[in-house]
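Chemist: Let me give you the structure first, and then I'll get to my questions.
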Amino acid sequence: MSEGGLELAEHVAETLDIGPGTRVFEVDCGNGEFLFPLHQNGYIVGGIDGDPAAIKQAIAAMPDGLFQVGLAAALDPAVPWDVVVCRSLRGAPSNDYIRGLVARMLAKATHAIALIDVPEQHHQSLMHAMTEAGAQAIQIEGANLFARV
């Protein structure tokens with residue numbers, strides 16, 4: 001785990017005012033690098049990623065985590081989590097894709113969502129999408145967007 005990754009996880013937790021016991025789900029979680037420091041500090045973690053090898057690594061590192069192979073577009077909002085995080089919007093195919101993902105993330109989250117490293121050209125449409133989906137408070141910090149449910 002890189003020092004920057006640890007700092008990012010701590011920053012997200014602090015910004016969203018969450019602590020140990022909080023259920024944090026990551027979209028496109030890869031091998032779980034972002035979730036690992038949260039897991040070590042008593043958070044309940046889970047995620048989805050399209051790469052089976054990456055999910056296998058996440059499960060090996062966090063055997064009690066709830067990880068699944070799947071695409072972000074298949075994110076199931078019927079299974080709620082306190083916080084839903086996405087760090088993979090830089091490679092998103094379109095604004096419509098991002099808006100749909102944000103709507104599903106907000107439907108899945110019971111406390112907040114975090115969008116990390118968002119290209120600036122998407123900020124305006126994401127803020128609009130969050131508002132349409134019922135976000136109560138939206139906060140922008142540089143390239144990161146946070147919304148309370």
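Chemist: Return the pairs, sorted by first residue and then second, in which the second residue is of a type in the set (A, V, I, L, M) and not in a helix (DSSP H, G or I), the first residue lies in segment 4-18 and is in contact (Cβ under 8 Å) with a residue 40 or more places away in the chain and under 16 Å from Arg148 (Cβ atoms), the beta carbons are less than 7 Å apart, and the residues are 6+ apart or on different chains.
Modeler: Taking only residues 6 or more apart or on different chains, the pairs are Val12/Val85; Val12/Ala114; Leu16/Val83; Leu16/Ala112; Leu16/Ala114; Ile18/Val83.
Chemist: If I filter segment 133-142 for residues that are in contact with a helix residue (DSSP H, G or I) (Cβ under 7 Å, 6 or more places away or on another chain), modelled with pLDDT under 90 and among the small types (Gly, Ala, Ser), do I get at least one hit?
Modeler: For segment 133-142, residues in contact with a helix residue (DSSP H, G or I) (Cβ under 7 Å, 6 or more places away or on another chain), modelled with pLDDT under 90 and among the small types (Gly, Ala, Ser): present.
Chemist: Just checking, does segment 60-68 include any residue being without any contact (Cβ under 8 Å) to a residue 40 or more places away in the chain, among the polar types (S, T, N, Q) and buried (at least 19 other Cβ atoms within 10 Å of the Cβ)?
Modeler: There is no residue in segment 60-68 that is without any contact (Cβ under 8 Å) to a residue 40 or more places away in the chain, among the polar types (S, T, N, Q) and buried (at least 19 other Cβ atoms within 10 Å of the Cβ).
Chemist: Cβ-Cβ below 8 Å, separation at least six or inter-chain, first residue in segment 42-59 and within 21 Å of Val79 (Cα to Cα), second of a type in the set (Lys, Arg) and modelled with pLDDT of 95 or more: which pairs?
Modeler: Tyr43/Arg23; Ile44/Arg23; Val45/Arg23; Gly46/Arg23
Chemist: Out of the residues in segment 74-104 that are over 14 Å from Gly47 (Cα atoms) and β-branched (Val, Ile, Thr), state the one that is modelled with the highest pLDDT.
Modeler: The residue in question is Val102.
Chemist: In segment 1-27, which residue that is at pLDDT 95 or above and touching a helix residue (DSSP H, G or I) at 6+ places or on another chain (Cβ under 6 Å) is nearest to Gln136 (Cα to Cα)?
Modeler: Val24
Chemist: Out of segment 100-118, which residues are closer than 21 Å to Glu141 by Cβ and either surrounded by fewer than 18 Cβ atoms within 10 Å (Cβ to Cβ) or acidic (Asp, Glu) (or both)? Talk me through it step by step, then tell me what you get.
Modeler: Step one: filter segment 100-118 for residues closer than 21 Å to Glu141 by Cβ, giving 101-102, 105-106, 109, 111-118.
Within segment 100-118, His111, Asp117 qualify.
The values are calculated or read from the model by the stated rules, or taken from the named source; none is laboratory data. This one's a predicted model, so the numbers in the text were calculated from it and none came from an experiment. Every residue, glycine among them, receives a Cβ derived from its backbone with ideal geometry; neighbour counts consider all protein chains shown.
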